[in-house]
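Chemist: I have a structure here, written as structure tokens, and I will follow up with some questions on it.
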Amino acid sequence: MALDQYKQRAQEEAAAAAPEKPQEHTLSETLADTEESKLFGEMLRSEGSVGEELATKLGKPEDVKPGDIKDIEERHTKFIERMREAKDMGEKIDKDTIVEMAKGNPFLSQQLKIMKPEQLAQIFKKQLSSIAIKDESRFNGIKKAFDVAQGYRDGQYKKLDEKVEKICSDNKLDVSQFVEIMRNPNANERIELFRKEIKAAYGFKNFITAGLYSVYKAKALDDKGKLKASIDGAMKQMDKHIQGIGAVLGASVELNDEVREAFMREAIGDREPKKSEQSFKEMSSDSMTPKKAQEAWAKEKGSGAYKALTDDTARQTHLDNWKKGREYGAEKEAAEKGGFWAKIAAALIKALFAKEKFDL
Amino acid sequence: MEDNFNKLYEEFLRIAESGDEDAAKKFLADHVNEFPEKTRDEILFAFFEEALLKKADAITGRATMQQQGMDAIALLQKAKKDLENDARIDELQSSLGGGETAV
């Protein structure tokens, strides 16, 4: 007896002293955890009919056959992996990340007036888990972008900036036109002027072509054996082209965050707005309305499967499954289309089906 | 709050159908907290994701641009140096009494 007590105490002490390992749930623990089992069910359903069937069976343990266990466990391993990735990334989303992201983003800045950054961070962490298990490709895109932003914050791009600064200083490159623009007190005008200047200056290929062409001219002979252009002239041209490139390079390290953002967008071309514009058009031209939702349900009620149901409990289950199917459909469509507005549309359509009252 | 959903949703669709993307975004920004919590969180995250993707795009784009710019300068400087050498050779040949040379 005393020995048993001693052993138990020794085990407890050893467990308390051991470094804390990340706790990852076994399948039975996942199923016992309300939040996690819900997410696991969503992951299974996002797979399509096979996953849907497994998820349904998990709700009725008596239907689970020995062969299903292996399938469920394989999926559970994947589920745990994705949850871990979401957790790892979520842990890096802190107050500073939110404040940083809100810079130059009117929507997030506005939310920060009514919500604490910690609150937003908490919401985003939860969303990440859901996205990680339902839309792997979207999650991977977010993770990749987050790593880039994190790397920037940690100074990973500093070396490149230093290299640029050195080249500008070695070549005495002039960024005065950009500095002049910076003196303009009006932010919108400043960005607009800046964009114009960048458009005129950015285009390294043009500078290279023009520069090399002046070399070619300086080396080429005309039909009388005379040089077509003077070497001095070509050298001056080359300096001008180097200055042109250098002005853009110099500006990329000289300017403040606000103009630097505009600079980067202008220099590289802003791809996201175009995609956003496209997904906005798609959403606004073919939106799900409460009326359309009711029409879709009326059609479903006309189906043979629904008509064959004999009691309201079965009809209610049919309606619940139909609504779930609509919600997954909206998510799937958003994943396929991509773009900001497709995600917004999916969120709203899901809410619409969840809120709308449908008659049995 | 949630009973308000249909009203909010229809108002949002009306703005979206007008084709004004900025106004649609502003509507969401002004009313996001009136949506059911789950929807609110998804909308907030979509905005966060958009900001994050833009930022990462700008960071990598800027780095690429800087690298391209430095490569371009290096290329032109090399061409300039070659030209300077050619000019020196040409000058030397002229001073040695050689004929005009296309370098």
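Chemist: Quick one: is B:Thr39 among the β-branched types (Val, Ile, Thr), buried (at least 18 other Cβ atoms within 10 Å of the Cβ), under 34 Å from the mean Cα position of the chain (by Cα) and facing chain A (nearest Cβ under 8 Å)? Lay out the reasoning, then the answer.
Modeler: On the way: among the β-branched types (Val, Ile, Thr): yes; buried (at least 18 other Cβ atoms within 10 Å of the Cβ): yes; under 34 Å from the mean Cα position of the chain (by Cα): yes; facing chain A (nearest Cβ under 8 Å): yes.
Criteria met by B:Thr39.
Chemist: While we're on this one: Determine which member of the set A:Ser130, A:Ser46 is at the interface with chain B (Cβ under 10 Å from one of its Cβ atoms) and in contact (Cβ under 8 Å) with a residue 24 or more places away in the chain.
Modeler: Numbers: A:Ser46 fails: at the interface with chain B (Cβ under 10 Å from one of its Cβ atoms).
The conditions single out A:Ser130.
Chemist: Can you name the condition, by its number, that A:Tyr306 falls short on among (1) without any contact (Cβ under 8 Å) to a residue 60 or more places away in the chain; (2) of a type in the set (Phe, Trp, Tyr); (3) closer than 19 Å to A:Leu352 by Cα?
Modeler: (3)
Chemist: Ok, one more. Out of the residues in the range B:42-82 meeting the condition of being among the charged types (D, E, K, R) and crowded, with 18+ Cβ neighbours inside 10 Å, tell me which one is nearest to A:Lys163 (Cα to Cα). Steps first, please.
Modeler: Of the range B:42-82, the ones among the charged types (D, E, K, R) are B:42, B:49-50, B:54-55, B:57, B:62, B:71, B:78, B:80-82.
Going one step further and asking which of them are crowded, with 18+ Cβ neighbours inside 10 Å, we end up with B:42, B:49-50, B:54-55, B:57, B:62, B:80.
Numbers: B:Glu42: 41, B:Glu49: 31, B:Glu50: 30, B:Lys54: 24, B:Lys55: 22, B:Asp57: 21, B:Arg62: 14, B:Lys80: 21 Å.
Out of the qualifying residues, it is B:Arg62.
Chemist: Please identify the pairs in which a residue from the range A:16-34 that is surrounded by 10 or more Cβ atoms within 10 Å (Cβ to Cβ) has its Cβ atom under 9 Å from the Cβ atom of a residue that is in a loop (DSSP other than H, G, I, E, B) and at pLDDT 80 or above, counting only partners at least 6 apart or on another chain.
Modeler: A:His25/A:Asp33
Chemist: For the range B:2-11, name all the residues that are at the interface with another protein chain (Cβ under 7 Å from one of its Cβ atoms) and either among the basic types (Lys, Arg) or crowded, with 19+ Cβ neighbours inside 10 Å (or both).
Modeler: Of the range B:2-11, the ones at the interface with another protein chain (Cβ under 7 Å from one of its Cβ atoms) are B:2, B:5-6, B:9.
Answer for the range B:2-11, where residues must be at the interface with another protein chain (Cβ under 7 Å from one of its Cβ atoms) and either among the basic types (Lys, Arg) or crowded, with 19+ Cβ neighbours inside 10 Å (or both): B:Phe5, B:Tyr9.
Chemist: For the range A:62-103, what are the residues that are within 14 Å of another protein chain (Cβ to nearest Cβ) and in a helix (DSSP H, G or I)?
Modeler: Here is the first cut: in the range A:62-103, the ones within 14 Å of another protein chain (Cβ to nearest Cβ) are A:86, A:89-90, A:92-103.
Those that are within 14 Å of another protein chain (Cβ to nearest Cβ) and in a helix (DSSP H, G or I): A:Ala86, A:Met89, A:Gly90, A:Lys92, A:Lys95, A:Asp96, A:Thr97, A:Ile98, A:Val99, A:Glu100, A:Met101, A:Ala102.
Chemist: From the list B:Ala46, B:Ala63, B:Ala29, B:Ala23, exactly one residue is more than 8 Å from chain A (Cβ to nearest Cβ), touching a helix residue (DSSP H, G or I) at 6+ places or on another chain (Cβ under 7 Å), under 30 Å from A:Leu128 (Cα atoms) and modelled with pLDDT of 80 or more. Which is it? Before the answer, list the steps.
Modeler: Working: B:Ala46 fails: more than 8 Å from chain A (Cβ to nearest Cβ); B:Ala63 fails: more than 8 Å from chain A (Cβ to nearest Cβ); B:Ala29 fails: more than 8 Å from chain A (Cβ to nearest Cβ).
Answer to the selection: B:Ala23.
Chemist: I'd like the residue in the range A:104-115 that is free of Cβ contacts under 8 Å to residues at least 12 places away in the same chain and part of a loop (DSSP other than H, G, I, E, B) and, out of all such residues, is farthest from B:Ala24 (Cα to Cα).
Modeler: Across the range A:104-115, the extreme among qualifying residues is A:Met115.
The values are calculated or read from the model by the stated rules, or taken from the named source; none is laboratory data. All figures in this text were calculated on a predicted structure; none of them were measured in a lab. Cβ coordinates were reconstructed from backbone atoms using ideal geometry, including for glycine residues, and neighbour counts include every protein chain displayed.
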